[in-house]
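Read the structure below first, then the notes.
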Amino acid sequence: MAAKLRKGDKVIVLAGKDKGKEGTIASVNPSAGKAVVEGVNIAIRHTRQTQTDQGGRLPKAMPIQLSNLALLDSNGKATRVGFREEDGKKVRFAKTTGETV
């Protein structure tokens, strides 16, 4: 199945402790159905000190389910994603506005 959400998309969180927060997708794991969104679902990770790194308790964005994310359209509202063909290419479009993403 084609990816409805991709790296670099602006999304909003629909459910969970960070509901309503917005961010940009940093990475997507399609097989697990999860994505890492910058500034969302932050957890403290303890890292060991190395010669190049100070270590300590560092905040890290953890993966979040794709079903809990919605794409932001040009109006800044959550929208679903559809697919259509334009000039022989399959493109994504926002269902609320009809604009290509």
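Read-outs throughout are calculated quantities, based only on the coordinates presented, and are distinct from any laboratory measurement. Note that this is a predicted model, so its numbers are computed, not measured. For neighbour counting, all protein chains shown are included, and Cβ atoms are generated from backbone atoms with ideal geometry for every residue, glycine included.
A few points about this structure:
- Within a straight-line Cα-Cα reach of under 19 Å, residue 89 can be paired with the following aspartates and glutamates, leaving aside sequence neighbours fewer than 8 residues apart in one chain: 99.
- Hits among lysines - C-alpha to C-alpha of residue 90 under 18 Å, sequence gap 8 or more where chains match: 4, 7
- Listed by chain and number, the lysines whose alpha-carbon sits under 18 Å from that of residue 10, ignoring those within fewer than 8 places in the same chain, are 19, 21, 34, 77, 95.
- Additional length obtainable on full extension of the chain from residue 57 to residue 90, 0.36 nm per residue less Cα span: 7.5 nm
- Site pair residue 50 and residue 99 shows an inter-label distance of 4.1 nm when each label is modelled 7 Å from Cα along Cα→Cβ.
- The amide H of residue 92, built 1.01 Å from its N in the peptide plane, has 101 as neighbours under 5 Å, considering only residues 5 or more places off or on other chains.
- Positive contributions from Lys and Arg (+1) and negative ones from Asp and Glu (-1), summed over other residues with Cβ under 14 Å from the Cβ of residue 80, come out at +2.
- Bridge type composition, the chain - antiparallel percent by DSSP, nearest 5: 100
- In the chain, taking the dipole from charged Cβ atoms about the Cα centre, the farthest positive-side position among 27, 71, 58 is held by 58.
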